[in-house]
Amino acid sequence: MITFVGAGPGAEDLITVRGQRLLEKADIVIYAGSLVNPALLRVCRKDCQVCNSAEMTLEEVMEVMINGQREGKEIVRLHTGDPCLYGAVREQMDELEKRNIPYESCPGVSSFCGAASSLGAEYTLPGISQSVVITRMAGRTPVPEKESIASFAEHQATMVIFLSAGMIRELAKELLRGGYAPETPAAIVYKATWPQEKTLRCTVSTLAETAEAEHISKTALIIVGDVLDGEYERSKLYDPAFSTEFRQGKGKKEQKI
Ligand code: SAH
């Protein structure tokens, strides 16, 4: 069996219990060495074959998987965060499907969740934003024109921008072009949940200088929006006057969810 496992954002103990159990019994682990914390591999068996996919092509990864499967081995493909975001997993799954090789997935804590915990942030605050846009700047991988940063910025929803720390000056320009005010709160979270983590708070207009001062050009997320520092409304769910299926509201006018 081949299992795609989310390694979590970095900290050794932020992998799921299921993911760690899979690592413990794996015969072969193929891990994304550019981003996965190697400390996670400490739980692997001594005789586990460990391959670093940062040095491999898709074809080479497939070869390890196919040969391992033929020999009846338990194989873990370990991706950073959750594999469903920028994980290049679909192409591996398709190759496996073509060969009728079964696979499963085990989710992980994405770095955008790790960054929220590092910042003590809630991305969805009543009265500010109820949506999170997860996106990136176009790099060597293009982004469809309809998904430009500026077009998303027009919504003024919370944005979490992956894979763009190396283009932060252009990113800030795009955010401003899309309509974010220069003083909109922003944050850069470098290596969220790793021991080397850095959380830097700034504004859209100071994003570039903030990253440059700390020499941050990779392994960082850029978060933008008033949820980082704005006036919000308290939740309805925990409002004393609000009734739900589980709790009868008291006082003032009651509402039903
Ligand atoms: N699947 C991963 C994302 C892989 S793309 C996930 O769910 O998190 C790689 C990008 O993710 C990096 O360029 C960076 O923008 C972001 N990233 C991954 N781990 C990070 C971390 N611990 N802290 C900040 N950003 C991180």
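The values are calculated or read from the model by the stated rules, or taken from the named source; none is laboratory data. Worth saying up front: this structure is predicted, and the values here are computed from it rather than measured. A quick note on method: Cβ atoms are made from the backbone with ideal geometry, for glycine too, and the neighbour counts reach across all protein chains shown. We work out accessible area using only protein heavy atoms, side chains counted, and drop any ligands, DNA or RNA first. Shrake-Rupley method; radii C 1.70, N 1.55, O 1.52, S 1.80 Å.
Scanning the range 190-217 for residues that are in contact (Cβ under 8 Å) with a residue 24 or more places away in the chain and at positive phi yields 191, 193. Only one of the listed residues (208, 150) is touching a Gly at 6+ places or on another chain (Cβ under 8 Å), of a type in the set (Gly, Ala, Ser) and open to solvent by less than 40 Å² (accessible area, probe 1.4 Å). That residue is 150. I'm checking my understanding of the structure. Among residues of the range 140-175 that are out of contact with any strand residue (DSSP E or B) (no Cβ under 6 Å at 6 or more places or on another chain) and polar (S, T, N, Q), which one is nearest to residue 123 (Cα to Cα)? Among those residues, the one meeting the criterion is 156. Listed by first and then second residue, the pairs with beta-carbon distance under 9 Å, at least 6 apart or on different chains, first residue in the range 85-103 and free of Cβ contacts under 8 Å to residues at least 60 places away in the same chain, second among the polar types (S, T, N, Q) and assigned to a helix (DSSP H, G or I), are 99/69. In this structure, is residue 117 within 16 Å of the ligand (Cβ to nearest atom), more than 13 Å from residue 222 (Cα to Cα), touching a residue at least 24 places away in the same chain (Cβ under 8 Å) and crowded, with 21+ Cβ neighbours inside 10 Å? No.
The rows are residues; the columns are (1) assigned to a helix (DSSP H, G or I); (2) open to solvent by less than 10 Å² (accessible area, probe 1.4 Å); (3) touching a strand residue (DSSP E or B) at 6+ places or on another chain (Cβ under 6 Å).
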site	(1), (2), (3)
5	no, yes, yes
13	no, no, no
35	no, no, no
42	yes, no, no
60	yes, no, no
65	yes, yes, yes
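Only a single item in (1) open to solvent by 60 Å² or more (accessible area, probe 1.4 Å); (2) in contact with a Leu (Cβ under 9 Å, 6 or more places away or on another chain); (3) outside the structural domain of residue 115 (by TED's automatic domain parsing) is not met by residue 244, and it is number (1). Residues in the range 186-200 include none that are more than 16 Å from the ligand (Cβ to nearest atom) and at pLDDT 95 or above.
Put simply, of 29, 50 the only residue that is assigned to a strand (DSSP E or B), away from the ligand (no atom under 12 Å from the Cβ) and open to solvent by 20 Å² or more (accessible area, probe 1.4 Å) is 50.
One residue stands out among those in the range 121-134 that are more than 11 Å from the ligand (Cβ to nearest atom) and closer than 28 Å to residue 5 by Cβ: the one that is surrounded by the most Cβ atoms within 10 Å (Cβ to Cβ), which is 123. The set of residues in the range 67-105 that are surrounded by fewer than 21 Cβ atoms within 10 Å (Cβ to Cβ), outside any helix (DSSP H, G or I) and within 13 Å of the ligand (Cβ to nearest atom) comprises 84, 85, 86, 87, 88, 89, 105.
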